[in-house]
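The values are calculated or read from the model by the stated rules, or taken from the named source; none is laboratory data. Just so you know, these numbers come straight off a predicted model, no measurement behind them. Cβ: placed from backbone, ideal geometry, glycine included. Neighbour counts: every protein chain shown. In case anyone asks, the SASA skips ligands and DNA or RNA and just uses the protein heavy atoms, side chains included. Shrake-Rupley method; radii C 1.70, N 1.55, O 1.52, S 1.80 Å.
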Amino acid sequence: MLLIPCPWCGPREEAEFHYGGQAHVAYPEDPAALSDEEWARYLFFRDNPKGVFAERWSHSAGCRRWFNALRDTATNQIHGVYRVGEPRPVAS
Amino acid sequence: MSPRPPGADLPDHPDRLWSAGEPKSSYDVVIVGAGGHGLATAYYLARNHGITNVAVLERGWLAGGNMARNTTIIRSNYLWDESAGIYEHALKLWEGLEDELDYPLLFSQRGVLNLAHSLQDVRDGVRRVEANRLNGVDAEWLDPRQVKEVCPIVEISPDVRYPVMGGTFQPRAGIAKHDYVAWGYARAAAALGVEFIENCEVTGLRVSDGRITGVDTTRGSIAAGRVALCAAGHTSVVAATAGIDLPLQSHPLQALVSELLEPVHPTVVMSNAVHVYVSQAHKGELVMGAGIDAANSYRQRGAFHIIERQMAAALELFPIFARAHVLRTWGGVVDVTPDASPIVGLTPVDGLYLNCGWGTGGFKATPGVGWCFAHTVAHDEPHPLAAPFSLDRFVTGALVDEHGAAAVAH
Amino acid sequence: MRRDGGGRIDRSRELRFRFDGQEYTGHPGDTLASALLANGVRRVATSVRLGRPRGIFAAGGEEPNAVVQIEEPFPEPMLPATTVELYDGLVASSLAGQGRLAAGPDPARYDAVHAHCDVLVVGAGPAGLAAARAAAATGARVILADDQPEPGGSLLGSRDEVDGVPGADWAAATAADLEGRPEVRVLRRTTVFGYYDDNYLVAVERRTNHLGAAAPAHMARERIWRIRARRVVLATGAHERPIAFAGNDLPGVMLAGAARTYATRYGVLPGRRAVVFAANDGAHAAALDLADAGVDVAAVVDPRPAPGGPWAARLRERGVELLAGHVVTAARGDGQVSSVETSSGASIDADLLLVSGGWNPVVHLYSQSGGTLRYDETIGTLVPDGSGQAVEAAGAARGVFALPGCLADGTGAGARAASASRPARPVDVPRAEETAEDAPLAYWLVPAADYTEHFVDLQRDVTVADVHRATGAGLRSVEHVKRYTTAGTAHDQGKTSGLLTSAVVAEALGVPVAELGTTTFRAPYQPVSFAALAGRDRGALHDPVRVTALHEWHVANGALFENVGQWKRPWYYPRPGEDMEAAVLRECAAAREGVAAMDASTLGKIDVIGPDAGEFLDRLYTNLMSSLKVGSVRYGVMCRPDGMVFDDGTVIRVADDHFLVTTTTGNAAAVLDWMEEWLQTEWPWLRVHLTSVTEQWATVALVGPGSREVLAGLAPGLAVGVDDFPFMTWREAEVAGVPARVCRISFSGELAFEINVTSWDGLRLWTAIMDTGLVTPYGTETMHVLRAEKGYPIVGQDTDGTVTPHDLGMSWVVSKKKPDFVGKRSFSRADTMRADRKQLVGLLPEDPEVLLPEGTHLVATGTLPEPPVPMLGHVTSSYRSAALGRTFALALVRGGQGRHGERLYAPVGDTLVPVTVTSHVLYDPEGARRDG
C-alpha cells in the first residue's frame, strides 16, 4: 500500500487512487492522418521501464483530480508528483 | 495420535538433475529466461528439431521467477478459437508429460470450476462451454446444485451478496507441481545437451544489420545465431535494448498458501466476479491467487490491501476457510498485453523471437508454448497455433480479446 | 514437571484442559506448551514424513514441532502450542503435519483498525521498551506492539535485573508508564506480521482467544492493525538455533534458552537431568539458571576449545562437567532422550538435551521492508545492513545480544526515530549488569558418517542427508535445495531451520555461508487467519448494496431481484402461482397492450455543465450532441479509442450549457471516470464540469399504448398529445403533485414516458402511478424482452468489447460529419473494415416453441464435423415473446447483415436446431407504435 502524495489533498493511501498508466501520451492531433502503425502505437504501446516512470494517477476516492507522478518501478519510491500539463520534472 | 496423513509427502526428485555451468562463447540458440517457457522451448528445440547447441540464460536461479510463484492451474477452456487451440494443445501434452519427461509432475486432473455470480456471468459461461465443446475441449455447465456436488465446500446459498448461479467445469483441467515441471524439462533438456547458465542476466541484445548476433550478459558476451526471449515480466526491458517496443505492462501479482490441511477441496475453483482462485495442493495447503496490482511495478511483491480483499472474497465462497491461516504470501511480475493474450512470434530483428505477454496464465501453457515456440525458432516462422498471437494484431485490430470473455486470464 | 515456586503463573487458580483425550490442569500464565511440560507430556506431535515422535523444542512462535489442532471451543488448525495461552476448557490434539478445518461456520467477529504514529516499536523486550520509552519522552506518538500477553520479552524468562529491580518488574513498570501517556499506545498479544512500502505495517491483535469459551461474543476475536509509521524501530529479538547431530529430533532435545524460559517464566522443569550442548556463553548462563531451578545439569558440551566466560567458572564451581572442545554426537532413546553421546566417548544418562548453535536476529520484518542483510562472520548470522525505508533494528534484532547493549541500543534507536517528529529530549539508559562474554562460535553440524538422522528442518523431516542429496543432484542455489528438500516451507517457515540449511549447503559446496545467502523472508511473519484478513468485509458488507428510492415497494410487492453491478434491481414480479416465464409474458403483454411501469432509477446520470459541454460530448460520443436543441433528447454511443462500444444511453439538453447524460446501470461509475479522464488529462481547456446525479433522481419508465392517458391523469398541466410532446423531447411538469422532468423516449418501441423526480419524491410518484390501478409493474427481464423485440442491444450482453456500432447495425449513430471522436480512427483499421465481422442479427428458430439458450453458438451445416467445428457466432439474447407469439433471439453472426434469410444451425445439447437469420428488429420495424 503506497502512500501517494496527492498534489491537492496530501499523502493518502494507495487504495484511494486509480491508476492511469504512462503520462505524457497525448491524444494525436489528427488521428485520421496517422498510419495504422502509428495509430496502433497510440492505442496499445506504452513504456514499461524498470526504473523511473512518469505515470498518471487519479485521486478517485478523494478530490477526483488527475495528476502525474514520477515513481521508480523497481523500488516503488515516488520521487514527486506534478499537475497535468506540467512538464516532467527531472528525477532526483 | 493421528496416523500419518496421506498426501503430506511428495515424491522424491531424481538423484541427478542438471549442472549449471559457465557460458561458452557461442551457441546456435540462446534462450533468455530459464522459466517454464524457456526450459520447455529448449527441450522441444532439442527433441523435436535436433537443435542442441542451446544455452538457457537465467538472471537468478533456474525456474525462480514466475515459474516458482504461480498457482499452477492448468486448463484449456478458453473462449476464443485461437486461445483454445494453443491451450488445448498444451493440455494434451500435459496429459503425456510425466511419461515424456520421466518425472513425477503431480499432474492432477481434478477439474476446474469457473463460477458465475450474475446473469451475465451465466451467459458468458454457457457461451464458453458451448464454444469449448465445438472446439473439442471438454466442458460442462453446472447448476449450483451440481457445483456443490463437484465441490461440497462452496457456499451456494442464495442469501449471500453474490450467490453462485452456476459454473463451468472442465474435468480434464487441474494442477501440477511447478518446480517438478521445470526440473523435469531441465533434466530432460540437459540430457539432450542443452546448457543452463544461472546468475547470468542479459543486459543487452546484440544486433547487426537487422540480425541478432548475440547477447551481452553480466557474465560477458555470448554469440548466438538465434535468440529466443522467454523473460516474462522483464521482456520489455530486454527487448528495449534492441530498440523493440512492446505493448506490455508489468504488474505484480500475488499469491498465498495456507498451512497443510486435511483434504477438503477436491477441485480448483475460480471466480472472476469476486476474483478468487483456489486449489488444495498435494501436501494439503490451500493455494490461492490474489489480484494483480493496478500500477506497473517490477517489485516482486504486491500491496497488502489486495490480500485482504482477496480473503474477504474467498470467505464469501468458502466459509469453511475462516480459521485457516495464511502461511506465506509472495509476488511475481507478470507482463500483460492490451487483449490479455500472449505475443508469440517473429520480431523486426532477424533471428530474434518473442514469447511474452502471458500475464497471469503462462504456467498452463508451458508445454504448448515450448512446442510452438521451438517450432517458430527452428523454422523461422510461426507455428500455426501461435500464428494468431503475432505482434501485428495490434496494428490490424485482430485482437484475441480474452478480457471481454468471462474466463479471463489465470 | 512444575516447580514448587517461581515463574509468572498464578498458582492460586487451576485451569482444566484436554490434550489427545487426556485431562490435565495448568495455571493462568501458562501456554499450552508449558502446561504440557508441567504435566510431563513429552511427545506432542508425529513427524509428517517419517512418523517420528516429536517434543516441544522452543518456547515461542518459532516452535517447529508442537503445532497442534485446537478442537474446542472452536476448531482451529495448526497453532504452535507455545503461542496458545492456556484457558479453562481448552481441548487440543496433536497433529502429524496437517490440521483440520471446522465443518461449521465460524461464529467469531473480526475487525480492522487504521493507525498512524510517529514511531512504531515492534517488540517489547528490553530494547523495544527502551526504544518506546526514549521516543515517548519526546512527546512523539508511539505505538509499541508485542506478541506476548505481557511486556518484557526475554526479561520474562531470565533472572536479569534492570535499574536494580528484576527485569520483569522493570518491564511492567515501564509499560505502565508508557500506557499512562496520551500519545502512546501499547498493543499486547499483537504480532506485526507484514512490512510493506512507505512504512505501512500490518499486525494482528488476538483479543479474545485467551479467554476460551468466556470470550464475549460482541468483541472481535482478532483484528488487523494497519499502521502507517513515520519511523519504525524493530526490536524483534532473536531466535536460538539448533545444531544438526544424530537424533536431534528426539523429544527431550530442546533449545537451551527455551528451557530456561520454561523454568523461569512458567515455573516448569522440562526435564530432570540435562546435558547442554552449546558454543556460546548465553547457554552457560541458561544452564546455571536451570541448575538453580532444580535441574541436574550433568554436563556442558562446548565445541570451543577453552570457553572461559564467567558462567563457565560458576558451572565448574557447582561441579558441572564442562566438556570443552567436544560435541554431542548423538541423542539416544526410545521415543525420547535417555542418553547423550559425546565426542569424548562418554554416554551420559539424561532426559533433556539443551542445544544452542547461536542466535539468529529476527530480521524477517527488516528484510520485508526491503532491507538488505549481511552475514556477520563473528556471530555467524544474518544482521540488518540498510533499508530504503525509515527503519532501524535495535538490540538482539541486529545482533546485540547482551542486556546492557540492548538497553542502550533501544534507547538510541527510539530517540533517533522520534527526532523525525519531535525535538530531542535526553533520556537516561536503563542500567543492567555488564558481563564479559567469550566470543561465541557459530556451530552448525556435527560431522558423521551417516547423516540420515541429523535433522535440519524438524517439521518437514529434512535431514542433512537430504540436503546432500540435493547438492549431489547438481543444485547450487539454496532456493533450489529448499524446493528439492522442502526445508523451510513448513508452518514455521524455517525460523529455526533456514540459516542452518544454508550453512549445511555451504559446507557441502565448500563455499562461505555469506556467499550462499538465505531464502527470502516473506509476509506474514507468523501465520494469520483468513478470517482476520477478511475482517468485516463479508456478507452484506462484502460489497455495498445499492437500492433505489422505490426499493421498499418492490420488496413489499413480491419482486425478485437481480444483481446489476452493486444495484438490486427488480427482475420480475411473480403473482401467486406464476413462474418466471408466465410473469414475464404477462408483464410484456401489459407493456405492449396496456400500461406498464419500471423503476429505471439505477441508470447512471451525469450532469455535464459548462459553455463547452456540447463540444465535450461531441468528442466522446460517436454522434453529434452539440446540435441537440434545449428540450430535446438524443440517443448516443460511446466507443473506446479502439472503436469498440463502451456504453450507450440518452442525452438530454437541459439548457444551453447543461446536458444530462444517462449511462447503463453497471457502467455509471466507469463512464464518469472516463469522462473525467478525458476532460482533465486531454482537454483541460474545455469549460465543463461533471457531476454524478444518479442517486438524486428517481426514474420511472411508463410504457404502453395507454401510458399517455395515465400520464395525462397524473399530470393535468402537461400537454401530452403527440404534437405537443413529440418523440425524443422532454418537458418540465408536475406529475402526481411532484415536480418532474418527463422525457418521451422509449426502450420498448411502445409509446413511453420516462418520468424523473427527486429521489425523495420517487415513492410518491410510483405509488400514484400504481394507485391508478391501470399500470402493471415490470422488471429487468421484461425490459430485456421488450428491447430485444425491437433489436436494441444491451451493452455488455449483446456486446463483449469486440463490437463496433457498425456491427450492431447502428451506423446511423456514427457521425460522418465530425472530423474526429474517440474511436473514429479505429473504424478504418483492417480488422474493423472486414465485411465478415460478427454483426447483430435476429434469429427465429424454425420451431417457434424452441428457446435457444443464451450463449449457444451457430454453425453452417446440419451435421457437425469433427472438432474444431467452425463457429459463425453466438446467441447473445433469447426470449419467448408475447408480442411475436414465438421464441426469438439476437445473435452476433459472422457477416450477419448479409445473411438475412439464411438458415443456420444452433447446437443445443445433442441436437442441431435450425434457425433463420433475420433483421435484428423483429417487432414493429416501421416504428408505428412509438407515438401510441
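Here are a few things to note about the model shown:
- Qualifying residue in region C:57-71 (condition: open to solvent by 40 Å² or more (accessible area, probe 1.4 Å), within 34 Å of the chain's Cα centre (by Cα) and either in the same structural domain as residue C:352 (by TED's automatic domain parsing) or at pLDDT 95 or above (or both)): yes
- Test result for residue C:523, surrounded by 20 or more Cβ atoms within 10 Å (Cβ to Cβ) and in a helix (DSSP H, G or I): no
- Test: residue in region C:492-510 that is open to solvent by 10 Å² or more (accessible area, probe 1.4 Å), assigned to a loop (DSSP other than H, G, I, E, B) and among the aliphatic types (A, V, I, L, M): no
- Annotation note: of A:12, A:41, A:64, the sole residue that is more than 7 Å from every other protein chain (Cβ to nearest Cβ), open to solvent by 30 Å² or more (accessible area, probe 1.4 Å), under 22 Å from residue B:293 (Cβ atoms) and basic (Lys, Arg) is A:12.
- Selection from region C:759-787 of residues that are part of a loop (DSSP other than H, G, I, E, B) and crowded, with 17+ Cβ neighbours inside 10 Å: C:774, C:775, C:778, C:779
- Condition check for residue C:109: open to solvent by 10 Å² or more (accessible area, probe 1.4 Å), basic (Lys, Arg) and within 14 Å of chain B (Cβ to nearest Cβ): yes
- The residues of region B:235-252 that are more than 7 Å from chain A (Cβ to nearest Cβ), open to solvent by less than 30 Å² (accessible area, probe 1.4 Å) and in a helix (DSSP H, G or I), listed by number, are B:235, B:238, B:239.
Quick grid of which residues meet (1) among the polar types (S, T, N, Q); (2) open to solvent by 50 Å² or more (accessible area, probe 1.4 Å); (3) at pLDDT 95 or above; (4) farther than 20 Å from residue C:30 by Cβ:
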residue	(1), (2), (3), (4)
C:127	no, no, yes, yes
C:130	no, no, yes, yes
C:136	no, no, yes, yes
C:139	no, no, yes, yes
C:142	no, no, yes, yes
C:145	no, no, yes, yes
C:151	no, no, yes, no
C:162	no, no, yes, yes
C:169	no, yes, yes, yes
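- Any hit, region B:300-315, residues being more than 10 Å from every other protein chain (Cβ to nearest Cβ) and at pLDDT 90 or above: no
- Restricting region C:900-924 to residues that are in contact (Cβ under 8 Å) with a residue 40 or more places away in the chain and assigned to a loop (DSSP other than H, G, I, E, B), the residue that is most open to solvent (accessible area, probe 1.4 Å): C:900
- Residue list for region A:15-38, restricted to those being more than 30 Å from residue C:827 (Cβ to Cβ) and within 11 Å of chain C (Cβ to nearest Cβ): A:15
- Against the list (1) at pLDDT below 95; (2) touching a helix residue (DSSP H, G or I) at 6+ places or on another chain (Cβ under 9 Å), the condition residue C:120 fails is (1).
- Extreme residue, nearest to residue C:830 (Cα to Cα), among residues of region A:44-57 that are more than 10 Å from chain C (Cβ to nearest Cβ) and among the aromatic types (Phe, Trp, Tyr): A:45
- Candidate set from region C:427-476 (those that are without any contact (Cβ under 8 Å) to a residue 12 or more places away in the chain and within 14 Å of chain B (Cβ to nearest Cβ)); member that is surrounded by the most Cβ atoms within 10 Å (Cβ to Cβ): C:475
- Selection of region B:70-97 for residues being surrounded by fewer than 20 Cβ atoms within 10 Å (Cβ to Cβ), farther than 29 Å from residue C:872 by Cβ and either within 14 Å of chain C (Cβ to nearest Cβ) or touching a residue at least 12 places away in the same chain (Cβ under 8 Å) (or both) yields B:93, B:95.
- Positions within region C:299-321 being surrounded by fewer than 20 Cβ atoms within 10 Å (Cβ to Cβ) and of a type outside the set (Asp, Glu), in sequence order: C:305, C:306, C:308, C:310, C:313, C:314, C:316, C:318, C:319
- Among the residues here, residue B:177 qualifies as among the charged types (D, E, K, R) and within 23 Å of residue B:231 (Cα to Cα).
- Criterion (in contact with a strand residue (DSSP E or B) (Cβ under 9 Å, 6 or more places away or on another chain) and at pLDDT below 95) met by exactly one of C:246, C:213, C:173: C:213
- All conditions but one from (1) among the aliphatic types (A, V, I, L, M); (2) within 13 Å of chain B (Cβ to nearest Cβ); (3) open to solvent by 30 Å² or more (accessible area, probe 1.4 Å) apply to residue C:481; the one that does not is (3).
- For residue C:424, the requirement of being open to solvent by 40 Å² or more (accessible area, probe 1.4 Å) and either touching a helix residue (DSSP H, G or I) at 6+ places or on another chain (Cβ under 7 Å) or modelled with pLDDT under 95 (or both) is met.
For (1) within 14 Å of chain B (Cβ to nearest Cβ); (2) over 45 Å from the mean Cα position of the chain (by Cα); (3) open to solvent by less than 30 Å² (accessible area, probe 1.4 Å), each residue gets a yes or a no:
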| residue | (1), (2), (3) |
| --- | --- |
| C:825 | yes, no, yes |
| C:832 | yes, no, yes |
| C:838 | yes, no, no |
| C:841 | no, no, yes |
| C:846 | no, yes, no |
| C:853 | yes, no, no |
| C:856 | yes, no, yes |
| C:864 | yes, yes, no |
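- Highlighted here are the strands (runs of 3 or more DSSP E) found entirely within region B:128-224 that include at least 2 residues which are surrounded by fewer than 21 Cβ atoms within 10 Å (Cβ to Cβ): B:140-142, B:202-208, B:211-217.
- Apart from one condition, residue C:897 fits all of (1) more than 9 Å from chain B (Cβ to nearest Cβ); (2) open to solvent by 50 Å² or more (accessible area, probe 1.4 Å); (3) over 27 Å from residue A:28 (Cα atoms); (4) assigned to a loop (DSSP other than H, G, I, E, B); the exception is (4).
- Failed item in (1) of a type outside the set (Phe, Trp, Tyr); (2) buried (at least 23 other Cβ atoms within 10 Å of the Cβ); (3) under 22 Å from the mean Cα position of the chain (by Cα); (4) over 30 Å from residue B:241 (Cβ atoms), with residue B:326 passing the rest: (3)
- Across region C:569-591, the qualifying residues are those that are touching a Ser or Thr at 6+ places or on another chain (Cβ under 8 Å) and of a type in the set (D, E, K, R), and the one among them that is farthest from residue B:118 (Cα to Cα) is C:586.
- Once region C:333-372 is narrowed to residues that are open to solvent by 50 Å² or more (accessible area, probe 1.4 Å) and not small (Gly, Ala, Ser), the residue that is nearest to residue C:120 (Cα to Cα) is C:372.
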